[in-house]
Amino acid sequence: MQLLIFMREGTSFMKISLTVNGTQNTANVEPRILLVDFIRDTLNLTGTKLGCDTGQCGTCVIQVNGKPVKSCSMLAVQVDGCDVKTIEGVSQHGQLNTLQQSLWEKHGLQCGFCTPGMIMTLLDFLQHNEDPSEDEIRSCLEGHLCRCTGYHSVVRAVRDAVVKARQTQSADLLVGSAD
Amino acid sequence: MVQKTFGAPLKSREDPQMLQGESPYTADIKLPGMLHMAILRSEYAHAKIKHIDTSEALKMPGVVRVITGDDLTGKIMPLPCIWIPGGVESHFPPHPFGLPGAGDVLAKDRVRFIGDSVAAVVAETRYQAYDALAGIHIDYEPLPVVVDPEDALKEGAPLLHDAVPHNLNADWTCGDKAAADKAIAEAEVVVNLSMYNQRTINNPLEPRSAIGNYDPVTEDYTLWATTQSPHNHRFLLSVLVLGIPFNKLRVIAPTIGGSFGTKGYIYPDMALVLFLSKELERPVKWVDTRNGLMRSTVQGRDHKQHATIAGTKDGKITGLRCTSYANLGAYPSTIGPGVATALMGRSLSGPYTIENAFCEVFAVFTNIVPLGAQRGSGRAEATFLMERLVDLYAAEIGMDPAEVRRKNMVPPDQFPYDNHLGWTYDSGNYGAALERALEMVDYAHINERKAEASRRGKRLGVGIASFVAICGVGPSTRMSKEGMLGGTWESANIRVHPSGEVGITLGSKSTGQSHVTTFAQIAAEELGVDMDNIRVYHSDTQKAPYGQGTYGSRSYSVGGPAMYMAAQKIKEKIRKAAAHMFEAAEEDVVYEGGKVFVKDTPQKVKTFQEMAMALWYGWNLPAGMEPTLDETSFFDPADFNYPFGTHIAVIEIDNQTGQVDLVRYVAVNDAGPLGNPLVVNGQVEGSITHGAGQALIERAVYDEQGILLTDSFTSYAIPRSTDLPEYELDYTVTPSPHNALGVKGAGEIATVPPAAAIGNAVCDALADLGIKHIDMPFTAEKIWRVMRDAEQKKNAASNGHHV
Ligand code: FES
Ligand code: FES
């Protein structure tokens, strides 16, 4: 129905194929559609949030080919052929990974609106930093705004996750959905 | 024995869903056939609307409706204002029910601020709706603009509302003017301060959003919205705005991504999505943008204050007087005028015994975004002023600021204490919190720290802020005298299922404060039931008992006791039923730890689960007892509660750049017993960050034309992860006598003192330059200029001396 309306108005579409959280997807998208809107509205993956749409808050961060990106600052057509991961692809069957578990235990979230974006950034960060200092964690989070926690509990949670991951050698859990 | 749950630092039960991106916020909801709305906001701060041409927009792809103010005439009422300045004459835009009005849903012939809603587009997709805004052409005739409240009161200033002479909403006072004047006239020491507590933008991370759905068959409306007061907003929107039966509107508040005061208001968009969903017979969704939020969601603070403190040479404060100009913006927000007057004025004397105090607030309309509450509202503005005055007075008499505070604090044996401005403090030990904070910061050795910093090219400053924060709004009768047009009680329901599991339902609504956890802790503790067996319901007017919502740190300190009271009813009923079953005297039957038993006859015992089943069957109940365990309590406290504390900031200023770094922050708070210390710590850390944000970087800037220059996160800064150090926290515990749990508000109290502590620290660091006061925010550029000007003055003076 919506598609017909677009067609009638002569909007051009581009066909894109991508992997989202491990599943192959194909879609026709308007070239101007932001990646965040494609993810939220077309793919119905609403765990990714839209806090500012101008690239300043970090609530929209997802991973494209393993790298965190602000999905409000990219077009959907730019991820043609890419491997996209969103917060929904992080834990499987309701099983929290080590980082999520630590965020929970350390009260690293309150309203939760900033949390999915932070997790997507942190998972990449922790893959490249086995033993980050507090300063390094703070720098990593600088692109993420949180109005609730004041960040300190998030930093504590990340430290906690690092320690736990080392204790249990569960590096896989830390980086997300190992299958 | 069930473990102790009240007071335990339990993890938030709502978190796993959020951590997986599965918690539904309003913007995440999709309904079949849903349309999307975009709002066109005014480009001018003040202008006549001469003509609106919507023809081009109507032809644009996907557009199904373009609506303007004229389309609403006679069909929808203006928004109401429900907290007016109490006890004084006040003037408002009109509302047909004779209530104070808060402006039209869509501006008709005139716009009054740059966020004023002028028209709305409904289209098949959000992109199409926003595209079509460009197809609406408005012929504006600009009018003179006024942005400063003192200017707005002057003769000849542009007038915003026909019904409001001189733009003056109210001239509100509290305290005793004659006594304050006399004390000041006769005082040994008098210090004056004129300052501006700048306007701030709360900026929760989630922008506001609303979805309206009308069912043409049942004629029922449903609103999903980012509202922290679903019941209250249901009443206001149905009866006072849409003019439909209360019965016909259901309000659901999905997960909320932070509020800090902003989502306790009714806004035009809420009414519009409902109105349009009926007209179009399809669900209509609106999601704001960050820019839209900055331009139209209520903002905070914004008082221009002129104050005088008086005292003796040996440190006893004898008088306090303040005239404040509160900038209400273009319209009164739902509760803005009450926040700007009572919450500020009556809080002014803080933790001190000042017998001669007076405060006057001019609440004034200007052409900027409406004022509302920002976390700690009113109390933070009062505390900043009072704590700056105390430091200035201390400097004037050459006494340590800690000592001045010590000398003037209400002693612990003086409660309840009448603060001479209208609040009666319930309980406290203000001195203990002060001493603890001084000890934590090692105040005795602060001069050594200053010397050490100076060797590194830094100026170190230390600032104390002691505070009392009125919370737990509140006693309904009292609030009615304060101008609140509505009740301010709270509610809770406990329903025990036949399985022995429990459902509890709250009248209030969380915006990120873990209600699902903390309220369950109260029920678990009282009933002796495992947390895992308790499910929490809330936020849907069709399911939850009436409640007034979250604001003024009231959910836990008013709703919490309601939950406690409902649990007592349940226990009492179990005890009575068990006495009947055991054939024992009622007074011999005890309920404890999830079991009911006969004293001294331990074999006569039944578990909570057995009693749940027995009452559900209802086969063997005492005469007259109704079956099932399902109890609701409404709690209307005898008075407010008054958390308090002392915070101390240590800052360093870079001599070269003027950069202010917060290097240590000590916070001792007292909110009575803490139901969940992990959650309260989180609230405290977030609050301090919010307050520090105001002190260091935040300010909403309007130019003389009323254009908001800080309308995105590029121009309006909020603290980031690298800006602030880890805080050092502690608590004292002084229960409130006004509720059974002894709890006091905790959600926003720590936002009250940080700006004052940091302000005092900055001025302390610059004291040797002769700097007495600097308005917030303390940005590097501002501090650098202040230091440079002071140095130049000093040099000029010493040169002059040598010549
Ligand atoms: S929504 Fe993408 S950075 Fe804010
Ligand atoms: S938890 Fe609310 S914005 Fe971070």
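The values are calculated or read from the model by the stated rules, or taken from the named source; none is laboratory data. Keep in mind it's a predicted model, so treat the numbers as computed, not measured. Please note: Cβ atoms are built from the backbone with ideal geometry, for glycine as well, and neighbour counts cover all protein chains shown. SASA here: full protein model, heavy atoms, side chains in, ligands and nucleic acids out. Shrake-Rupley method; radii C 1.70, N 1.55, O 1.52, S 1.80 Å.
Table for the structure above
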quantity: Residue check, B:V462 at pLDDT 95 or above, open to solvent by less than 10 Å² (accessible area, probe 1.4 Å), away from ligand 2 (no atom under 16 Å from the Cβ) and more than 14 Å from every other protein chain (Cβ to nearest Cβ); calculated: no
quantity: Residues satisfying the stated conditions in the range A:73-93, i.e. open to solvent by 10 Å² or more (accessible area, probe 1.4 Å) and either over 12 Å from A:T19 (Cα atoms) or at pLDDT below 95 (or both); calculated: A:S73, A:M74, A:L75, A:V77, A:Q78, A:E88, A:S91, A:Q92, A:H93
quantity: Selected residue (criterion: most open to solvent (accessible area, probe 1.4 Å)) from residues of the range A:47-72 that are in a loop (DSSP other than H, G, I, E, B), of a type in the set (S, T, N, Q) and more than 16 Å from ligand 2 (Cβ to nearest atom); calculated: A:N65
quantity: Checking A:S102 against (1) open to solvent by less than 10 Å² (accessible area, probe 1.4 Å); (2) within 7 Å of chain B (Cβ to nearest Cβ); (3) away from ligand 2 (no atom under 14 Å from the Cβ); (4) small (G, A, S), the condition it does not meet; calculated: (2)
quantity: Answer from B:A717, B:A667 - the residue that is surrounded by fewer than 22 Cβ atoms within 10 Å (Cβ to Cβ) and in contact with an Asp or Glu (Cβ under 9 Å, 6 or more places away or on another chain); calculated: B:A717
quantity: Looking only at the range A:132-179, and only at residues there that are at pLDDT 95 or above and among the acidic types (D, E), the one that is nearest to ligand 1 (Cβ to nearest atom); calculated: A:E142
quantity: Residues of the range B:99-155 that turn out to be within 20 Å of B:V287 (Cα to Cα), among the hydroxyl-bearing types (S, T, Y) and open to solvent by less than 40 Å² (accessible area, probe 1.4 Å), as a count; calculated: 2
quantity: Among the candidates B:A523, B:A451, residue that is more than 25 Å from B:A253 (Cβ to Cβ) and either in a helix (DSSP H, G or I) or open to solvent by less than 10 Å² (accessible area, probe 1.4 Å) (or both); calculated: B:A451
quantity: Of all residues in the range A:73-113 being within 16 Å of ligand 1 (Cβ to nearest atom) and assigned to a loop (DSSP other than H, G, I, E, B), the one that is farthest from B:S23 (Cα to Cα); calculated: A:M74
quantity: The range A:133-165, residues that are touching a residue at least 12 places away in the same chain (Cβ under 8 Å) and away from every other protein chain (no Cβ under 13 Å); calculated: A:V162, A:K164, A:A165
quantity: The range A:27-45 residues that are surrounded by fewer than 17 Cβ atoms within 10 Å (Cβ to Cβ), paired with ones that are in a helix (DSSP H, G or I) (beta carbon under 6 Å, 6 or more apart); calculated: A:P31/A:V77
quantity: When residues of the range A:39-61 are limited to those that are facing chain B (nearest Cβ under 8 Å) and closer than 23 Å to A:G94 by Cβ, the one nearest to ligand 1 (Cβ to nearest atom); calculated: A:T59
quantity: Unique match (being open to solvent by 10 Å² or more (accessible area, probe 1.4 Å), in contact with a Pro (Cβ under 9 Å, 6 or more places away or on another chain), at pLDDT 95 or above and within 30 Å of B:V298 (Cα to Cα)) among B:L709, B:L724, B:L741, B:L696; calculated: B:L696
quantity: Residue match in the range B:351-369 (condition: part of a helix (DSSP H, G or I) and either among the hydroxyl-bearing types (S, T, Y) or crowded, with 24+ Cβ neighbours inside 10 Å (or both)); calculated: no
quantity: Residues of the range B:495-516 satisfying the condition of being surrounded by fewer than 24 Cβ atoms within 10 Å (Cβ to Cβ) and not small (G, A, S); calculated: B:R495, B:H497, B:P498, B:E501, B:T505, B:V516
quantity: Selection from the range B:305-353 of residues that are more than 20 Å from the chain's Cα centre (by Cα) and among the basic types (K, R); calculated: B:K313, B:K316, B:R321
quantity: Condition broken by B:A373, with the remaining ones in (1) more than 20 Å from B:D775 (Cα to Cα); (2) under 29 Å from the mean Cα position of the chain (by Cα); (3) part of a helix (DSSP H, G or I) satisfied; calculated: (3)
quantity: Residue in the range A:127-148 that is part of a loop (DSSP other than H, G, I, E, B), of a type in the set (K, R) and touching an Asp or Glu at 6+ places or on another chain (Cβ under 7 Å) present; calculated: no
quantity: Residues of the range B:28-66 that turn out to be within 11 Å of chain A (Cβ to nearest Cβ), in a strand (DSSP E or B) and open to solvent by 30 Å² or more (accessible area, probe 1.4 Å), as a count; calculated: 2
quantity: When residues of the range B:183-219 are limited to those that are within 14 Å of chain A (Cβ to nearest Cβ) and in a loop (DSSP other than H, G, I, E, B), the one farthest from B:F778 (Cα to Cα); calculated: B:R208
quantity: Residue tally, condition of a type outside the set (K, R), at pLDDT 95 or above and in contact with an Asp or Glu (Cβ under 8 Å, 6 or more places away or on another chain), over the range B:530-550; calculated: 2
quantity: Selection count, the range A:105-129, where residues are closer than 14 Å to A:G47 by Cβ and away from ligand 2 (no atom under 16 Å from the Cβ); calculated: 1
quantity: Selection from the range B:551-593 of residues that are over 30 Å from B:F640 (Cβ atoms), among the aliphatic types (A, V, I, L, M) and in contact (Cβ under 8 Å) with a residue 24 or more places away in the chain; calculated: B:I574, B:A577, B:A578, B:A579, B:M581
quantity: Residue that is nearest to the other protein chains (Cβ to nearest Cβ) [pool: residues in the range B:261-291 that are aliphatic (A, V, I, L, M) and over 26 Å from B:P337 (Cα atoms)]; calculated: B:V287
quantity: Unique match (being more than 11 Å from ligand 1 (Cβ to nearest atom) and either within 7 Å of chain B (Cβ to nearest Cβ) or within 11 Å of the chain's Cα centre (by Cα) (or both)) among A:V36, A:V64; calculated: A:V64
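Matching residues to (1) modelled with pLDDT under 95; (2) open to solvent by 10 Å² or more (accessible area, probe 1.4 Å); (3) under 23 Å from B:S510 (Cα atoms):
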{"site": "B:H233", "(1), (2), (3)": "no, no, yes"}
{"site": "B:S238", "(1), (2), (3)": "no, no, yes"}
{"site": "B:I244", "(1), (2), (3)": "no, yes, no"}
{"site": "B:V287", "(1), (2), (3)": "no, yes, yes"}
{"site": "B:R290", "(1), (2), (3)": "no, no, yes"}
{"site": "B:L293", "(1), (2), (3)": "no, no, yes"}
{"site": "B:Q299", "(1), (2), (3)": "no, no, yes"}
